[in-house]
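J.: Have a look at this one.
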Amino acid sequence: MILHPVCSYPNVRKAALDLHQAIAAPKGKKYSARPYNRYAPENSVWWLIPSTDWPAYKHGKVTISEEQKGELFFGINIEKAIGREAAACYPSKRAQKIIMDNQWCWYDFMKSLEEGEIAHAMDVIQENTKGLPLHFSFSGHIIDDPALFDPYSGDSYGDQVIWNYINGDLNTVSKPENFFYPLKAVDRLSALAEAVNQVKELHWLWIDVYAGVILENQLKPKDDESKQSYDGYSIWQRIIEPWEPWLR
């Protein structure tokens, strides 16, 4: 009988700290646990960062967050900031922190996406979690130079596309409506990198990539022989460890 994976945590903070304790990092590599909202950390988004850097935009990070129905997301977050091709449009001193160089994980992630290594990692995770679909998403918005920040300017121009990854296929959950239009017809990871490069606004976009597994969270564990509850060690080994090459 195939056991359906679940987890059991009272809040996101407890899940993040349990996973942080379970990390089996290579020698010399340490992770920092940080909430997005340090004033209300219990159900904030949390990151486990392979560095003491903060902000940690350039790093590939473990992400733990709560979904709309109370499930918990465990996966990786890759961020893209301003491309070097658009650097001249961001002259302020504050902007230099968001102009990418070769140390940003985004470049390695996109190369690995093109070469099939991301698909392999996702296949391993799906096998480890008894065939659960993987959440995979791109969300982005055009950003101004930080020195020009206007709190009354309204929301920036943004877009998002969400897929479920199942047995090598990308099944669209939410279609793009704006600049991510070249990603609309993508149904295989092998075609995604080329489609991203076709986005005209790419160099001016801030992009967040999320890839991982959404687990049912049983606040009160039930005696159900069809389900297997994952603790921090199981989540690390089955869901997070395959992302190790991009957690840097």
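J.: Does Ala33 satisfy being touching a strand residue (DSSP E or B) at 6+ places or on another chain (Cβ under 6 Å), aliphatic (A, V, I, L, M), touching a residue at least 12 places away in the same chain (Cβ under 8 Å) and more than 30 Å from Lys220 (Cβ to Cβ)?
T.: Answer is no for this residue.
J.: If you don't mind, another one. Here is a list: Ala86, Ala15. Which entry is assigned to a helix (DSSP H, G or I), in contact with a strand residue (DSSP E or B) (Cβ under 9 Å, 6 or more places away or on another chain), modelled with pLDDT under 95 and small (Gly, Ala, Ser)?
T.: Matching residue, one of Ala86, Ala15: Ala86.
J.: For the range 1-16, which positions are surrounded by 18 or more Cβ atoms within 10 Å (Cβ to Cβ) and aliphatic (A, V, I, L, M)?
T.: Residues satisfying the conditions are Val6, Val12, Ala15, Ala16.
J.: When the range 17-29 is examined, which residues are found to be surrounded by 10 or more Cβ atoms within 10 Å (Cβ to Cβ) and either free of Cβ contacts under 8 Å to residues at least 12 places away in the same chain or within 12 Å of Glu244 (Cα to Cα) (or both)?
T.: Ile23, Ala24, Ala25, Lys29
J.: Now for a different question. Within the range 30-71, how many residues are in a loop (DSSP other than H, G, I, E, B), within 16 Å of the chain's Cα centre (by Cα) and basic (Lys, Arg)?
T.: Residues flagged as in a loop (DSSP other than H, G, I, E, B), within 16 Å of the chain's Cα centre (by Cα) and basic (Lys, Arg) within the range 30-71 amount to 1.
J.: Further question: Please go through the range 204-248 and give me each residue that is among the charged types (D, E, K, R) and in contact with a helix residue (DSSP H, G or I) (Cβ under 7 Å, 6 or more places away or on another chain), ordered by number.
T.: Hits for the range 204-248 are Asp231, Arg238, Arg248.
J.: Would you pick out the residues in the range 47-97 that are surrounded by fewer than 21 Cβ atoms within 10 Å (Cβ to Cβ), in contact (Cβ under 8 Å) with a residue 12 or more places away in the chain, more than 25 Å from Glu201 (Cβ to Cβ) and not hydrophobic (A, V, I, L, M, F, W, C)?
T.: Within the range 47-97, Ser51, Thr52, Glu66, Glu67, Gly70, Glu71 qualify.
J.: Quick one: which strands (runs of 3 or more DSSP E) lie wholly within the range 133-248 and hold at least 3 residues that are in contact (Cβ under 8 Å) with a residue 12 or more places away in the chain, crowded, with 17+ Cβ neighbours inside 10 Å and on the phi < 0 side of the Ramachandran plot?
T.: 134-142, 158-166, 205-217
The values are calculated or read from the model by the stated rules, or taken from the named source; none is laboratory data. Because the structure is predicted, anything quoted here is derived from the model rather than measured. Backbone-built Cβ (ideal geometry, glycine too); neighbour counts: all protein chains shown.
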